[in-house]
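The structure under discussion appears below in the form of structure tokens.
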Amino acid sequence: MDYKYIHQLLERYWKCETTIEEEQILRTFFSQGEVPVELLPYRSLFVYEKEQHDLQLGVDFDERVMAEINKTTVKARKVSFASSMKPFYKAVAVVAVFLTLGIAAEKAIDKNNAENDYSSVVDKAGYARQSHIVNEEPSSLMMVSEGLNKTIDGDSVTSVNVEKNGVKE
């Protein structure tokens, strides 16, 4: 048997040029029990609608759906404002701890630098601070006078060596 007309309809179908009647002819042809082997790959495309139309839901479908709906109940909880803000409070606490540690570390570093750096004695206007001069001057003068007294008493090298060993000559 020659299926030339069916091949022509298929070509027009793939180009979207068929009419509704021609598509119905293709559906009817592929719904038959005997379809040539070379056209079998196209059969499922044209009989799909009819096969799916024949499918029905089971008798117990509604009962199963209702059982699932009734089984899954969601209970809502009332959440207080304080408990909803806990994550925010924790974040604030972490930030506060890091800021405190950072500031403490910065102060410790600045304190070490300030003790060794005498440029901090001079203020922005270029004047020496009187409080530093008053606090540092007597101790500096005492160190100078003690050094002078040691050199006068004897040789500075021997007096330093004597003091190191703890023996006074």
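Here are a few things to note about the model shown:
- Any hit, the stretch 41-48, residues being closer than 30 Å to residue 12 by Cα, surrounded by 10 or more Cβ atoms within 10 Å (Cβ to Cβ), at pLDDT 75 or above and of a type in the set (S, T, N, Q): yes
- Every residue from the stretch 1-42 that is of a type in the set (S, T, N, Q) and over 22 Å from residue 53 (Cβ atoms): 8
- Residue 17 vs. criteria without any contact (Cβ under 8 Å) to a residue 12 or more places away in the chain, acidic (Asp, Glu) and in contact with a helix residue (DSSP H, G or I) (Cβ under 9 Å, 6 or more places away or on another chain): yes
- Filter result (surrounded by 10 or more Cβ atoms within 10 Å (Cβ to Cβ) and either touching a helix residue (DSSP H, G or I) at 6+ places or on another chain (Cβ under 9 Å) or modelled with pLDDT under 85 (or both)) within the stretch 50-87: 50, 51
- Filter pass, residue 124 being charged (D, E, K, R), modelled with pLDDT under 75 and not in a loop (DSSP other than H, G, I, E, B): no
- Scanning the stretch 1-27 for residues that are surrounded by 12 or more Cβ atoms within 10 Å (Cβ to Cβ) and not in a helix (DSSP H, G or I) returns 3, 18.
- Pairs meeting the criteria (first residue in the stretch 1-13 and within 21 Å of residue 44 (Cβ to Cβ), second residue of a type in the set (Val, Ile, Thr), beta carbons under 8 Å, at least 6 apart or on different chains) are 9/18; 9/25; 12/18.
- Residue match in the stretch 65-72 (condition: β-branched (Val, Ile, Thr), over 30 Å from residue 2 (Cα atoms) and in a loop (DSSP other than H, G, I, E, B)): yes
- So residue 15, is it among the basic types (Lys, Arg) and more than 49 Å from the chain's Cα centre (by Cα): yes
The values are calculated or read from the model by the stated rules, or taken from the named source; none is laboratory data. None of the values given here were measured: they were computed from a predicted structure. Here Cβ is always computed from backbone atoms with ideal geometry, including for glycine, and neighbour counts include all displayed protein chains.
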